[in-house]
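Notes follow once the structure below has been shown.
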Amino acid sequence: MSETNEGEPAPAFPLPRKCPYRLPAEYAELRTHAPVSKVTLPTGRQAWILTRYEDVRAALNDRRLSSDRGNPDYPMLAELAKSDRDSTLSLAGMDAPEHTRARAAVVGEFTLRRMEALRPRVQAIVDQCVDEMLAGPNPADLVRALSFPVPSLVISELLGVPYADHEFFEDRTSTMLSMTLPPLTRQKAFFDIQTYLDELVTGKEADPGDDLLGRQIVKARKKGTYDHDALVDLAFLLLTAGHDTTGNMISLGTLALLERPDLRARIVDDPAGTPAVVEELLRYFTITDIITARVATEDVTIGGRTIRAGEGVFALGGAANHDPEAFADPDEIDVERGARQHLAFGYGPHQCLGQSLARMELEIVYSTLLRRVPGLRLAGSVEDLSMKNDVAIFGLRELPVAW
Ligand code: HEM
């Protein structure tokens, strides 16, 4: 058994969530007694985990903690197979100054204004998915009816990826994000998406349309900076980051709303209050708790502990978002708290690029669903819901609903 500095065994990480509503119970204890502590990853390697809000925020804003997936010491949640052309995971795997330049080149595509211009189209997509659900069998699985189709359709249209291929990329994304499937299976899923996007980008080079990828080609060519592989990597990141995350929040947020008539009434009676509900649900569930991993490039002191150069760190957004020092009664869903400073979208240079889009999608889905299907209810019990504890982004596999 591996040992921490104090001679304590380093517990296994990640810790499973035992209920859709609860983060691992161990976080509270760690936050109080060992807020910067060592764990053992599924790969057998050790890393640090941070559970206090202030430490997590400081770590995510500290440039000595690198996001570089190419660094052999970067803490992986599952063993990777070797690949011919290691993807940098685009922005998400870069450090400054490359990261700053690459992010500046695409950030204009995700401004609040641009996202607001998409609102009518997102509303139409949600209405169409709700129509189809209502026309189908009752009860239905909300994950299949809404959680996956809505963000997949939106990100496909935004990027210029044919939605007809959605089953292919949804399936490969969840395989790739698995922490338990064999390395070669995950690597194949990764290559499948990469090959698909390579061909798609090649097609767009000949005929760039008015979609995000087409616009990036035109803009970079004008500046003389066009790089095919870099655009394939960016497309990969946006496509995979853009649907699974939001999809899981659609399921979990809807579950919470179905069980809380007061929140439901709030959204239906006062649509202007929906953003506050969305914000609190993002904080509460923090589905990306374990994805914000870094590797120290020099010694860094956090919360009184020294993290040595070459050691890995998981800045746990979920643990931070349930720190009572930052949020009173953190395990309660309280939409009055004004949770805007939560870390569900990360913090610092890598803070989520798609957050305005995600917020808008969630607002539209929750409000449309509750307004259009007033009798919507959970078909079954919360205890029977199957949770995704084997995937790096938390969610539900199914959400049976009736109306
Ligand atoms: C509820 C939905 C979402 C959640 C909870 C979420 C969460 C996050 C988090 C925590 C990070 C920071 C990762 C890090 O620091 O290592 C991140 C980064 C990122 N997200 Fe999201 N995300 C969501 C939706 C989206 C959507 C819809 C898109 C795309 C269109 C997107 C694109 C990205 C990109 C490109 C990055 C990397 C940014 C960078 O490294 O500069 N995300 N997201």
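Every number in this text was worked out from the coordinates using simple rules, so none of it is lab data. Just so you know, these numbers come straight off a predicted model, no measurement behind them. Please note: Cβ atoms are built from the backbone with ideal geometry, for glycine as well, and neighbour counts cover all protein chains shown.
Going by average Cβ neighbours within 10 Å, how do the peptides 343-355, 241-253, 128-140 rank, with the highest at the top?
241-253, 343-355, 128-140
So which DSSP H runs in the chain come out at 30 Å plus along the axis (Cα) with average Kyte-Doolittle of at least -0.5?
For the chain, where a helix must reach 30 Å along its axis and average at least -0.5, the hits are 112-135, 183-206, 228-259.
Say the dipole of the chain comes from +1 at the beta carbon of Lys and Arg and -1 at that of Asp and Glu; which of Ala319, Pro120, Thr246 then lies farthest toward its positive end?
Pro120
Summing +1 for each Lys or Arg and -1 for each Asp or Glu, what net charge is found among the other residues whose Cβ lies under 9 Å from the Cβ of His228?
Neighbourhood net charge equals -4.
Which of the peptides 383-389, 322-328 is most tightly packed, and how do the rest follow, going by the mean number of other Cβ atoms within 10 Å of each residue?
322-328, 383-389
What is the dipole size for the chain, taken about its Cα centre, with +1 at each Lys and Arg Cβ and -1 at each Asp and Glu Cβ, in debye to the nearest 20?
620 debye
Please give the calculated 222 nm ellipticity per residue for the chain, where each DSSP H segment of at least 4 residues contributes -39500 (n - 2.57) and the sum is spread over every residue; nearest 500 deg cm²/dmol?
That calculation yields -14500 deg cm²/dmol at 222 nm.
By per-residue mean of other Cβ atoms within 10 Å, what is the highest-first order of 185-193, 170-178?
Output ranking for 185-193, 170-178: 170-178, 185-193.
So which trypsin sites (Lys or Arg not before Pro) in segment 257-341 end up in coil per DSSP with only 14 or fewer other C-beta atoms within 10 Å?
Arg308, Arg340
Convex hull over the alpha-carbon atoms of segment 265-305: what's its volume per residue in Å³?
118 Å³
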